[in-house]
Structures are given as structure tokens and as C-alpha cells.
Amino acid sequence: MDKIDKLFLEALKAALQNERVQWDIELSPQEWIKLFRMAEIHHVLPMIFEAVFACPSANKTDSELFAPVRRRTIRQVMLQTVKTTEFLQLYKNLQAAGVKPLMIKGIICRELYPKPDHRLSGDEDMLILPEQFALCHRIMLENDMAVLEGETNVDIERAYEVPYGKKGSPTYIELHKYLFPPESEAYGDLNRFFSRVHEDAVEIPIQGVPVATLEYTSHLFYLICHAFKHFLHSGFGIRQVCDIVIFANVYGTKVDWNHLLEECRAIRAERFAAALFAIGQKYLTFSPENACYPEIWSGIPVDESALLQDLLSGGIYGNANMSRKHSSNITLNAVSAEKKGKQAGGNILKVIFPPLDRMQGRYPYLKKCPFLLPAAWVSRLLTYRKEVSAGGENNAADSIRIGNERIELMRQYGIIGKEK
């Protein structure tokens, strides 16, 4: 880790403890800009700014440098407050109409932070029973929510998730019928672990509203699986580790850690998960004592440093740059090959021309018209060419390099087997 990585983690840990850093070191304007840029790509700017803006180091810096960052911070927090308020009203209306949604991630985790609206959520994820979709969709429309523009060609009856937005509002809802896309070769089978979540649901009060969510062990496992899913793509950011850490600290006494380990082992993610908790203990606020973290977990031999560097460089959901995003074609192909008992490696043809099931997520019309797969490949290549022309750190050679490096990282954590 470089200097800014270390300072970023220090500030984030302070924010999770509702504290401020006391740095009294010289930081150049370029270093401050790099720190705030890192906070932006990890979607934790309000937490970082709140932790650092009054420290001695900041007082030595030209206040003009902080002014635009302060404005962005205030705006982001205000928008999050609006989204939370609007969502809770929508949630109450859905419940009153007989819809029984379960909330996952976002608002459930956000409530555990010292300052909830400083933990930003791009959307709220809502899980419903498939047979409740028609009713839920009608109530969403009655509450001025609409299927997002650009997604209207999706067959919402068959899609595993449907995105909704509200005109003139920042509120954005992803309505899930399943927690993971069933058609995914790499992780569609994760749904089997969550077949009873509606029967086992618990309620958590949020601003006086009882909100239904996954049972504690299932929810922690889901948070790990969600990070795992993005790790198989192009990566995930530090905010997801914060969610896992803070959830475990608060609800760890209610978690069946032995069962959690069994489930992680079933998907070859036990070392991955142990590394997340190691990062949380070493750099954030994870308390094994408060979480009742057992020796069976802490005894898993793991080096968390490689995973930490990967997630710091990747940003939120591995979206730091286009080269990294496109590298997901290589990593997903490797995981899919492993599941089929084949050698996990860089079959470049499958990277350039992904199979039908992987293309259906981006081109929903393929579900009805699979014979249009060649046309979708052409469209994909044209889009990629346009992105390359636009710059933005998008390079095919870099994508292949990053993808191959991340395959090795997956081997290191036992997600795929050693190369033969």
C-alpha cells in the first residue's frame, strides 16, 4: 500500500467509529485530491470528508481545495436523506397493499453506521416472491415509480430483477425475484442457499418503520456472496467490507458461524471470507470478541494483503476504469470453466464472443430470440470500440493482463484450482 491507501483506511476506520483523524503531517494538494478521488470511486466521500476536514493537516491546506469537496459531500448526504425518506414511505405503502418485500444490503446496513446517510446507497434492493411480482409492480406504478427508461424492452415477467425510478427523484429500486441471476454459470447456483429466506425473515426497525429482511446468518452470508459475485466480475470496493464488518459486529451474537463456514466452503469462498474479516480486524473496526467470531474461523490460514490491494485499486464494484471492467469477461469465463471441470484459463475466443447465457443479461432480447446472438456480439464489439475510442483507461491488452492477474488471485484464495 502507498501513503494515500494507508491514510484512506485510517480515515475510514475513524468514520466507522464516529471519530475524526488527528493527522499533523504535510499533505500536498495533489495528495488531498488523490485521497478524495479514492473516496469517490469507493462511494464513501461523506465518511472520509467528515473524518478529515478538521484535522491539523487540513488546517494547513488552502481552504479553497476543500470547498468543492464539501459541496459534493453535502449534496450526496442530502440526496441520501431524500432517498431514505421516500423509500420508507414506499415500503409502508407496499406493505399496506399486501406485498411482503425483504430488504437486503443498502438500508439494512446503512442503519448500522454512526451516521446512516453518510453511507451512500445507489439503490435499494428489494426481494419479493415471484408470485407477488404482479401486485408489487402495480403498487409501484401507483406510487409514481416506473420501469427505468432503457429497460422497457425487458420482459419484466421473466426478468430476475426489474429496476424502477421516479421522475424528478433520486429514488431507485431494484426489485428482485431471486438474489442472483439464475442463468449465470458462474454464480446462479447461489440461489439454492436462500430458498427459505421469506419463511425465516426477521424485522429491524428503521426510523420507526419495521423493515423485513433476511435472518442474520443468511444476511451475513448474502453480504459475503454479493462481494464474492463482484469479485468474480472485476472486483468490489472497501464499502462492501465495511458493511460485512459492521453487520458482524452488531449481529454476530445471532450468527451461526459454523453454518456460515459450511456454506462458504460449499462455494469455495471460505478463504475469501476469512480474508475479508482479516481486513476488517487489521484495518477497520471488526471486533472478533463483539462478533463472537470463533476459532474455527480465525484459524483459517489466509494472507489478506493481496485481496486488500485488489479491492482498493478496483473501486466500488471494480469500476475504477473500463479496462478493469472488461477484464470480467476473462475471470467469469475461468470460473464457468472450473464449474464444468475444465481448465480455468484465458480462452480468448470466449472472452470476445461470450456464450448465450452471459450475453442475455446485457441483451435481454436474446431470451426470446437466441438466434440473434451473432448480432449481439457485433453490437458488443461496436460498443467496446466506441469506449476504446473515448479513452478513459480502456485498453484490450490491459484488460487481458488484469484478468489473468485476477485469475491468479482466485487461485490464491482457492476459488478455482491450481493451474495444471
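The values are calculated or read from the model by the stated rules, or taken from the named source; none is laboratory data. None of these values were measured; they are calculated from a predicted model. Every residue, glycine as well, gets a Cβ built from its backbone with ideal geometry; the counts of neighbours run over all protein chains shown. Calculation scope for accessible area: heavy atoms of the full protein, side chains included, ligands and nucleic acids excluded. Shrake-Rupley method; radii C 1.70, N 1.55, O 1.52, S 1.80 Å.
The set of residues in the range 151-190 being of a type in the set (Gly, Ala, Ser) and more than 18 Å from the chain's Cα centre (by Cα) consists of 159, 165, 168, 169.
Number of residues in the range 191-236 that are touching a residue at least 24 places away in the same chain (Cβ under 8 Å) and outside any loop (DSSP other than H, G, I, E, B) equals 25. From the residues in the range 241-256 that are open to solvent by less than 10 Å² (accessible area, probe 1.4 Å) and without any contact (Cβ under 8 Å) to a residue 60 or more places away in the chain, which one is farthest from residue 269 (Cα to Cα)? Filtering the range 241-256 for residues that are open to solvent by less than 10 Å² (accessible area, probe 1.4 Å) and without any contact (Cβ under 8 Å) to a residue 60 or more places away in the chain, the one farthest from residue 269 (Cα to Cα) comes out as 252. Can you name the residue in the range 217-240 that is in contact with an Asp or Glu (Cβ under 8 Å, 6 or more places away or on another chain), buried (at least 22 other Cβ atoms within 10 Å of the Cβ) and modelled with pLDDT of 95 or more and, of all such residues, is farthest from residue 338 (Cα to Cα)? So, considering only residues that are in contact with an Asp or Glu (Cβ under 8 Å, 6 or more places away or on another chain), buried (at least 22 other Cβ atoms within 10 Å of the Cβ) and modelled with pLDDT of 95 or more, the one farthest from residue 338 (Cα to Cα) is 218. For residue 100, are the conditions met, namely being on the phi < 0 side of the Ramachandran plot and not in a loop (DSSP other than H, G, I, E, B)? Considered against the rule, which asks whether it is on the phi < 0 side of the Ramachandran plot and not in a loop (DSSP other than H, G, I, E, B), residue 100 comes out as no. Looking across the range 1-48, the residues that are open to solvent by 40 Å² or more (accessible area, probe 1.4 Å), part of a helix (DSSP H, G or I) and under 23 Å from residue 248 (Cα atoms) come down to 10, 13. Kindly evaluate residue 102 against the criterion of being open to solvent by 10 Å² or more (accessible area, probe 1.4 Å), among the hydrophobic types (A, V, I, L, M, F, W, C) and in contact (Cβ under 8 Å) with a residue 40 or more places away in the chain. Considered against the rule, which asks whether it is open to solvent by 10 Å² or more (accessible area, probe 1.4 Å), among the hydrophobic types (A, V, I, L, M, F, W, C) and in contact (Cβ under 8 Å) with a residue 40 or more places away in the chain, residue 102 comes out as no.
In the range 311-330, what count of residues is obtained for those that are open to solvent by 20 Å² or more (accessible area, probe 1.4 Å) and modelled with pLDDT of 75 or more? Before you say what the answer is, go through the steps one by one.
Just the residues of the range 311-330 that are open to solvent by 20 Å² or more (accessible area, probe 1.4 Å), to begin with: 313, 317, 319-322, 325-326, 329.
Imposing the further condition that a residue be modelled with pLDDT of 75 or more reduces the set to 313.
Residues in the range 311-330 being open to solvent by 20 Å² or more (accessible area, probe 1.4 Å) and modelled with pLDDT of 75 or more: 1 in total.
On inspection, residue 151 qualifies as open to solvent by 60 Å² or more (accessible area, probe 1.4 Å) and at pLDDT below 95. Between residues in the range 127-144 that are under 15 Å from residue 92 (Cβ atoms) and residues that are surrounded by 13 or more Cβ atoms within 10 Å (Cβ to Cβ) and among the β-branched types (Val, Ile, Thr), which pairs lie under 8 Å by C-beta distance while being six or more apart or on different chains? Within 8 Å, the pairs are 136/99; 136/128; 139/99; 140/173. Please verify whether the range 50-72 includes one or more residues that are under 18 Å from the mean Cα position of the chain (by Cα) and not hydroxyl-bearing (Ser, Thr, Tyr). No, the range 50-72 contains no residue that is under 18 Å from the mean Cα position of the chain (by Cα) and not hydroxyl-bearing (Ser, Thr, Tyr). Among the residues of the range 250-299, those identified as closer than 25 Å to residue 412 by Cβ and of a type in the set (Val, Ile, Thr) are 267, 279, 296. What are the residues in the range 267-288 that are among the hydroxyl-bearing types (Ser, Thr, Tyr) and either outside any helix (DSSP H, G or I) or open to solvent by less than 10 Å² (accessible area, probe 1.4 Å) (or both), if any? Result: 285, 287.
Residue 95 meets the conditions (1) under 20 Å from residue 136 (Cα atoms); (2) assigned to a helix (DSSP H, G or I); (3) within 24 Å of the chain's Cα centre (by Cα) in every case but one. The failed one is (3). Residue 82 meets each of the listed conditions (1) surrounded by 19 or more Cβ atoms within 10 Å (Cβ to Cβ); (2) out of contact with any Ser or Thr (no Cβ under 7 Å at 6 or more places or on another chain) apart from (1).
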